[in-house]
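The values are calculated or read from the model by the stated rules, or taken from the named source; none is laboratory data. Since the model is a prediction, treat every value here as computed from it, not as a measurement. Methodologically, a virtual Cβ is constructed for each residue, glycine included, from the backbone with ideal geometry; neighbour enumeration extends over all protein chains shown. Surface accessibility is based on the protein's heavy atoms, side chains included, excluding ligands, DNA and RNA. Shrake-Rupley method; radii C 1.70, N 1.55, O 1.52, S 1.80 Å.
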Amino acid sequence: MATKHLSPEVLNERRKQAVRLRLDGYTVAVASQQTGLSAPTVSAAWKAFREGGWAAVPVKPRGRLKGQANVLSADIQALLWQMLYQEPQDNLLHTMPGWGSADLAEWLNTYHAVELSQRAIEHWWEAEGLKHEPWRLNHFAKQRSQEGRWFRKSVLPRFAQLKDADQRWQGGVRRVAHPSGSIYQIYLHGSRGRLLMRCFKKPPEAKAYVAVFEALASLGAAALVFHGALFSASPEVTAWLDQQPSFWLVPVPADLVLDE
């Protein structure tokens, strides 16, 4: 659930509920599901509690920060690029599959004392060509096209093995043309379409893909529909996949068109 649609009172009550669940021993994923908050929001509430007690759990009043403009300063953009090129970690130093706008905002605030909204970061993504929209995979369910047949044969059986929508991921790798030079981006979308990403200055190596897949697998059983890479040509990736009983990779054939 997008927290921007919640009143401060409701959001703060859910943050407290998430902390109570974590105190009872439940994982971030369970607390997220029970409260309707995103995993980064649950982690942020838990971190605030551990550092400042119950008084630190409620969020600050909302509103545009004084001096926050639509165009980010060069220094802030440099910080954002610096993080996108690093392996994503949460504030407990757990490896994450990719950077989300909430994660970037939290890291800027925690480590650089820069307050920036998720919306501002997402606008910057779009301006830099990093924004990627999720595919409407279910749109192919009843189509008689090649895409429809692939979806029913390859994707649906994997999705049917998973109980929760949050376990169904889609993603890919692409080259982004940029004034500073080519950028290679691994992007991921969860069930609610939230965008996660990693960026590279050259084509990602096998170990980068394995790191992303391991981080996803650490969240529980998952199926990932992936576009843009031929993993059958990588012994390192195929060996890792062969050892995963509850992580399924569904490659998108090169001749399929998923973008409408």
Next on the checklist: Kindly evaluate F231 against the criterion of being in contact (Cβ under 8 Å) with a residue 12 or more places away in the chain and either within 22 Å of Y85 (Cβ to Cβ) or under 20 Å from the mean Cα position of the chain (by Cα) (or both).
Outcome noted: no
Next on the checklist: Among the residues that make up region 216-229, is at least one of them among the polar types (S, T, N, Q) and open to solvent by 70 Å² or more (accessible area, probe 1.4 Å)?
Outcome noted: yes
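Can K207 be described as touching a residue at least 12 places away in the same chain (Cβ under 8 Å) and surrounded by fewer than 16 Cβ atoms within 10 Å (Cβ to Cβ)?
Yes, satisfied.
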Next on the checklist: For the structure I just gave you, tell me whether W99 is in contact with a Pro (Cβ under 7 Å, 6 or more places away or on another chain) and either open to solvent by 30 Å² or more (accessible area, probe 1.4 Å) or more than 17 Å from R198 (Cβ to Cβ) (or both).
Outcome noted: no
Checklist entry - Out of region 207-228, which residues are in a loop (DSSP other than H, G, I, E, B) and either farther than 13 Å from L188 by Cβ or touching a strand residue (DSSP E or B) at 6+ places or on another chain (Cβ under 6 Å) (or both)? => result S218, G220, A221, G228
Checklist entry - Any idea which of (1) modelled with pLDDT under 90; (2) over 19 Å from R194 (Cα atoms); (3) surrounded by 13 or more Cβ atoms within 10 Å (Cβ to Cβ) is the one N70 doesn't satisfy? => result (3)
Checklist entry - Can we say L258 is open to solvent by 20 Å² or more (accessible area, probe 1.4 Å) and in a loop (DSSP other than H, G, I, E, B)? => result no
Checklist entry - Filter region 179-191 for residues that are modelled with pLDDT of 85 or more and open to solvent by 40 Å² or more (accessible area, probe 1.4 Å); which is nearest to D255 (Cα to Cα)? => result Y184
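Residue-wise test of (1) touching a residue at least 60 places away in the same chain (Cβ under 8 Å); (2) surrounded by fewer than 19 Cβ atoms within 10 Å (Cβ to Cβ); (3) within 30 Å of L72 (Cβ to Cβ).
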position	(1), (2), (3)
I121	no, no, yes
W124	no, no, yes
E128	no, yes, yes
K131	yes, yes, yes
R136	yes, yes, no
A141	no, yes, no
S145	no, yes, no
F151	no, no, no
S154	yes, yes, no
Next on the checklist: Name the residue that is modelled with the lowest pLDDT, counting only residues in region 1-15 that are assigned to a helix (DSSP H, G or I), surrounded by fewer than 16 Cβ atoms within 10 Å (Cβ to Cβ) and more than 18 Å from the chain's Cα centre (by Cα).
Outcome noted: H5
Item to check | Checking L21 against (1) under 22 Å from L104 (Cβ atoms); (2) open to solvent by less than 40 Å² (accessible area, probe 1.4 Å); (3) of a type outside the set (D, E), the condition it does not meet | outcome: (1)
Checklist entry - Mind checking which residues of region 156-174 are exposed (fewer than 12 other Cβ atoms within 10 Å of the Cβ) and within 18 Å of L196 (Cα to Cα)? => result A165
